[in-house]
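Asker: Quick one: structure below, then a few questions.
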Amino acid sequence: MANLEVTIGKTKLKNPVLTASGTFGYGEEFEDFLNIDELGGIIVKATTASHREGNKPPRMAETASGMLNSVGLQNKGVDYFIGHIYPRIQKYKTCLFVNVAGSTVDEYVEVAEKLNDLTNLAGIELNISCPNVKKGGMSFGTHPETTRQVVKSVRKVYSKTLVVKLSPNVTGITEFALIAQDEGADSISLINTLLGMAIDIKSKKPVLSTITGGLSGPAVKPVALRMVWQCSKVVEIPVIGIGGIMNATDAIEFMLAGASAIQVGTANFIDPCVSVKICQDLEKYLNLNNISSISDLVGTLDDSS
Amino acid sequence: MAKKRIEELEIVNYEYLNKEYFTLELKSNRKLPDIHPGQFVELRINGHHHVFLRRPFSFHDINTGKNTFTLLIQIVGQGTSDLSRIRAGDTLNTIYPLGNSFTIPENGNYLLVGGGCGVAPLLLLARKLLQFNNTVHFLIGTKTKNDLIEIDLYKQLGNVNITTEDGSEGEKGFVIHHPVLWDESIEFDGIYTCGPEDMMKAISKYALKRGINCEVSLENMMACGIGACLCCVTETIKGNVCVCTEGPVFNSGDLKWQI
């Protein structure tokens with residue numbers, strides 16, 4: 001029986017499959033379709049210090065093999081999460097992470113501090129890369145200094161597993177991977193969405209109310225794979241791969257490229273059961289190929305010329 | 001509400017009503033769950049790489065004896081066009097039943113207003129209202145008489161009033177112009193409406209002025225259909241809520257429409 005366990009920071013995941021923030025709600029939305037306890041982990045949607053309404057509709061546009069979104073971090077704020085949502089979802093026997101977003105360093109710190117007290121929370125994923133919010137978000141993750149500032153400040157107040165989710169909308173992703181590692185991140189996850197746009201020729205207007213939005217789905221996989229490969233070469237901390245993963249084959253590609261774990265995002269919209277299917281198919285793959293441990297796959301891409 | 005399912009449903013029948021509209025009858029191998037008027041399904045359409053997301057359709061009719069339900073589909077783009085080329089015996093991967101439903105009172109007199117493919121949920125709604133000893137009137141608006149579909153079916157359930165923009169059938173103009181709305185001798189206990197947003201706003205305004213309850217069914221662009229992604233939100237007095245879970249049916253008074 002193959003061993004699917006993966007260790008990310010201080011957290012041991014039963015398997016390398018997590019669900020991406022913003023695509024799996026708080027888990028409860030998917031209870032009718034699968035057994036959440038089978039997953040390695042779930043990352044609940046971006047949580048900010050105070051309630052946010054998010055952007056005006058239209059917030060999404062379908063694209064070839066993907067979609068654009070500009071949801072704009074709609075959430076009821078960290079206090080509501082702690083008081084009303086966490087008590088219900090802490091029962092899941094999977095590792096729970098919260099994606100943390102903010103417009104200022106202080107806001108990130110406030111949220112991280114409050115979440116630090118939650119016993120059944122495995123860790124947080126720092127969202128420095130959301131491309132939709134005008135103030136903050138994208139501006140943090142595309143500048144080395146602000147990235148450094150946020151990670152350093154949050155690390156001071158958050159003692160459990162700290163994952164930093166990188167933005168792909170930069171010229172050199174490895175620089176940001178190294179900054180996150182330097183400032184004490186336990187892991188990096190990449191990629192967040194790519195900045196894109198869609199136009200309606202009938203109205204001659206952009207489809208999204210915010211004009212630009214984040215691209216996700218199979219369309220981004222080649223870019224995500226490339227970035228995971230590049231970052232895995234320069235950091236020692238585990239890398240979590242995200243970007244258009246629709247099945248176990250995609251997941252294995254990311255692991256060969258260097259990812260110790262992966263996140264399934266947009267695929268959940270097409271098939272609500274996909275995340276658990278990937279867990280099961282990864283196990284089958286290991287057994288079929290007589291691989292004793294999933295970690296044996298990580299970073300074993302033969303990229304010698 | 002019934003637990004949501006994801007299933008391969010068999011296409012047992014399909015019928016082209018005209019160039020633009022067709023119905024699809026889908027059958028489950030398991031006993032169908034409780035399905036309420038106003039709810040919808042999300043269909044996976046495999047065909048083109050730019051038809052990536054599922055497509056939502058309201059339940060149009062149900063046949064519990066045959067364990068089937070029917071969808072009414074308007075061809076508006078590549079996804080629905082691909083769907084129109086399926087054949088009996090094919091299967092469709094379906095997530096259902098989704099969303100909330102219309103309120104079903106008893107012993108009243110109700111007006112069901114539909115524009116274009118907005119008529120889709122009104123057939124099932126009418127059947128359900130009749131089961132609870134209500135009477136129903138239909139008010140259907142289209143661009144031209146060729147766009148009128150299944151009128152004989154509606155006539156079996158209640159009075160049918162028609163408007164066409166070009167006057168080729170019924171009253172000329174929009175539904176809001178139809179005399180049935182302005183006839184003092186007719187009183188409605190409530191209105192249900194589904195169709196273009198401008199039409200629903202006009203009807204909601206009419207209902208508000210008369211102090212009548214009005215329920216609308218919205219059709220926002222959806223990604224997940226199950227309340228996880230927050231892409232399909234609409235503004236209500238309670239803030240932004242998902243049309244796929246808190247809707248698609250809303251009381252018009254709860255929406256932040258300037259009417």
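Each value in this text was obtained by applying a stated rule to the coordinates, not by laboratory testing. Given the structure is predicted, the values throughout are model-derived calculations rather than measurements. Methodologically, a virtual Cβ is constructed for each residue, glycine included, from the backbone with ideal geometry; neighbour enumeration extends over all protein chains shown.
Asker: Let me make sure I get this right: for chain A, a, b and c are the square roots of the gyration tensor eigenvalues over alpha carbons, sorted descending. Under 1.5 in a/c it's rounded, otherwise prolate if a/b > b/c, else oblate. Which is it?
Answerer: Rounded is the answer for chain A, as its axis ratio a/c remains below 1.5.
Asker: Pick out, in residue order, every one of the GluC sites (Glu not before Pro) in the range A:208-305 that is DSSP loop and has at most 10 other C-beta atoms within 10 Å; say none if there are none.
Answerer: Hits after loop and neighbour filter: A:236.
Asker: Sum up the lysine pairs in the range A:1-141 that clear both bars: alpha-carbon distance under 24 Å and a spacing of 8 or more or different chains.
Answerer: Summing the qualifying lysine pairs gives 28.
Asker: Between B:66, B:172, B:143, where does the largest GNM mean-square fluctuation fall for chain B, given springs only between Cα atoms within less than 10 Å?
Answerer: B:66
Asker: Quick one: what are the phi-derived ³J(HN,Hα) couplings along the range B:71-87, Karplus 6.51/-1.76/1.60 with θ = phi - 60°, whole Hz, x for glycine and proline?
Answerer: Coupling constants for the range B:71-87: 10, 10, 10, 9, 7, 10, x, 5, x, 5, 5, 4, 5, 6, 9, 6, 10 Hz.
Asker: Tell me which residues come under 5 Å, amide H to amide H, from residue A:102 once H is placed; ignore anything under 5 positions away on its chain.
Answerer: A:137
Asker: For the range B:211-225, in order, what is each residue's ³J(HN,Hα) by Karplus, 6.51 cos²θ - 1.76 cosθ + 1.60 with θ = phi - 60°, in whole Hz (x at glycine and Pro)?
Answerer: Residue by residue, the range B:211-225 yields x, 9, 5, 9, 10, 10, 10, 8, 9, 7, 5, 10, 10, 7, x Hz.
Asker: So what is the calculated 222 nm ellipticity per residue for the protein assembly as shown, using -39500 (n - 2.57) for each DSSP H run with n of 4 or more, over all residues, to the nearest 500 deg cm²/dmol?
Answerer: -6000 deg cm²/dmol
Asker: Identify the chymotrypsin sites (Phe, Trp or Tyr not before Pro) of the range B:154-205 meeting these criteria: DSSP loop state and at most 10 other C-beta atoms within 10 Å of the C-beta.
Answerer: B:182
Asker: What residues have an amide H closer than 5 Å to that of residue A:121, excluding those fewer than 5 places away on the same chain, when H is modeled at 1.01 Å from N in the peptide plane?
Answerer: none
Asker: If you fit an axis through the alpha-carbon atoms of helix B:197-210 and take the longest principal axis of the Cα set of chain B, what angle between them do you get, 0 to 90°, nearest 10?
Answerer: Approximately 40 degrees, to the nearest 10.
Asker: I need the phi-derived Karplus couplings for the range B:180-194: 6.51 cos²θ - 1.76 cosθ + 1.60, θ = phi - 60°, integer Hz, Gly and Pro marked x.
Answerer: Result, ordered by residue: 4, 7, 10, 7, 5, 7, 9, 10, 10, 7, x, 10, 10, 9, 8 Hz.
Asker: Continuing with this model, one more query. Full-extension gain between residue A:93 and residue A:5, please, as 0.36 nm times their residue separation minus the C-alpha to C-alpha distance.
Answerer: Length gained, residue A:93 through residue A:5: 30.2 nm.
Asker: May I ask for the percentage of alpha-carbon pairs in the range B:143-245 that lie more than 23 Å from each other?
Answerer: In whole percent, the share of Cα-Cα pairs in the range B:143-245 beyond 23 Å is 40.
Asker: Residue B:62's amide H: which non-local residues (gap 5+, or another chain) put their own amide H closer than 5 Å, with H modeled 1.01 Å from N in plane and none for Pro or chain starts?
Answerer: The list, which skips near neighbours in sequence, is B:70.
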